[in-house]
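Novice: Here's a structure for you.
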Amino acid sequence: MGSNETDQNKQSIAHFVALETAIANGEELLVKELLGNHAMPDIEKSYLVDLAKLSNKRSITELIENIPLKE
């Protein structure tokens, strides 16, 4: 694995953690910004939907539910 791949993996993990934190804190605007319009794998999307449901913020849950799936 090259250095560039390692950096991308670290950046991807940091982005996902930031997204988790924003969801848990109910920060809708930040969640929207972090999600962008990027597709994500079903397992990640399902996890984030479950996390959003725990925070009881329907608007955040809907944002995540509308994310396209990565094929």
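The values are calculated or read from the model by the stated rules, or taken from the named source; none is laboratory data. Keep in mind that what you see is a predicted model, and the values were worked out from it rather than measured. So basically every Cβ, Gly included, is an ideal-geometry build from the backbone, and we count neighbours across all protein chains shown.
Novice: Hey, among the residues in the stretch 51-69 that are closer than 14 Å to Glu20 by Cα and among the basic types (Lys, Arg), which one's surrounded by the most Cβ atoms within 10 Å (Cβ to Cβ)?
Specialist: Top of the filtered list is Lys57.
Novice: State whether the residues of the stretch 3-14 include one that is over 11 Å from the mean Cα position of the chain (by Cα) and at pLDDT 90 or above.
Specialist: No.
Condition check ((1) within 20 Å of Glu71 (Cα to Cα); (2) touching a residue at least 60 places away in the same chain (Cβ under 8 Å); (3) exposed (fewer than 13 other Cβ atoms within 10 Å of the Cβ)) across all residues:
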position: Thr6; (1), (2), (3): no, no, yes
position: Lys10; (1), (2), (3): no, no, yes
position: Leu19; (1), (2), (3): no, no, no
position: Ala22; (1), (2), (3): no, no, no
position: Glu28; (1), (2), (3): no, no, no
position: Lys32; (1), (2), (3): no, no, no
position: His38; (1), (2), (3): yes, no, yes
position: Asp42; (1), (2), (3): yes, no, yes
position: Val49; (1), (2), (3): yes, no, no
